[in-house]
Ligand code: DGL
């Protein structure tokens, strides 16, 4: 094993939502270090075109590579849907996105072969989930639904609120009418609505959290490439987790402190257009 094993994982998202993926990596791979980049100046990606998201993602990869990372996690469904090939090409490192891991579990868990996917407009428009699911199990029926209002509701902290419940139900009605037994939470923010969604859909529907599945797939990938960190984190390592953003560093740190199991004292600003 080389010192590359102790290098951090580069994790990126359009903004705050990818912290749900970072959180699962922290919980499930506690030895791994993380360099997180949130593109808070250019969020949301969910309403942008493929070309734009590809360009942004390439810039982020170029920045992350200055941080001597050993692998990249695209902790954003939209960036995975539009830009995973561009990221692979640019990175020249092991790369994993959030779509394949979620699709794999949904295919394994569905009983009736009907899978719902809720996501941003861009992710739904790309058809990436349907493609991933069908390539694993050609017999599944996939019902995708764009839920553009859910990201702002989460960012406003309205996780348990009648307004949020009402909007979730409006979106989910159509998905549920199709008799799905499995629902993929295909946007980084939606795992934060998991308990609201669970309350509304009842216990009979399996909810797939791609953030958790991605952390599991990352562990497999690191093992396969013999890149896993083998030494326990030393107590005097001042910064196993580093955070960078393109704008609004304070707001980012506040949100991070709400959802991460660690204290985030600050995030550093990066002029991402320069990369
Ligand atoms: N991170 C995005 C995703 O998972 C949601 C926020 C955005 O639209 O940028 O698709």
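One line per residue, one yes/no per condition, for (1) touching a helix residue (DSSP H, G or I) at 6+ places or on another chain (Cβ under 8 Å); (2) over 30 Å from residue 104 (Cβ atoms):
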residue	(1), (2)
201	yes, no
228	yes, no
237	no, yes
260	yes, no
264	yes, yes
Qualifying residues in region 214-248 (those that are closer than 21 Å to residue 57 by Cβ and assigned to a helix (DSSP H, G or I)) - the one farthest from the chain's Cα centre (by Cα): 221
Within region 30-53, does at least one residue satisfy the condition of being away from the ligand (no atom under 13 Å from the Cβ), free of Cβ contacts under 8 Å to residues at least 60 places away in the same chain and not in a loop (DSSP other than H, G, I, E, B)? yes
In this structure, does residue 23 turn out to be out of contact with any strand residue (DSSP E or B) (no Cβ under 6 Å at 6 or more places or on another chain), away from the ligand (no atom under 12 Å from the Cβ) and under 23 Å from residue 153 (Cβ atoms)? yes
If I ask for residues that are in a helix (DSSP H, G or I), surrounded by 15 or more Cβ atoms within 10 Å (Cβ to Cβ) and at pLDDT 95 or above, which ones from region 256-275 would you list? 256, 272
Any chance you could count how many residues in region 174-198 are in a helix (DSSP H, G or I), under 19 Å from residue 120 (Cβ atoms) and either in contact with a strand residue (DSSP E or B) (Cβ under 7 Å, 6 or more places away or on another chain) or without any contact (Cβ under 8 Å) to a residue 24 or more places away in the chain (or both)? 6
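The values are calculated or read from the model by the stated rules, or taken from the named source; none is laboratory data. What you are looking at is a predicted structure, and each value in this text was computed from that prediction instead of being measured. With ideal geometry, Cβ positions are generated from the backbone for all residues, glycine too; neighbour counts draw on all protein chains shown.
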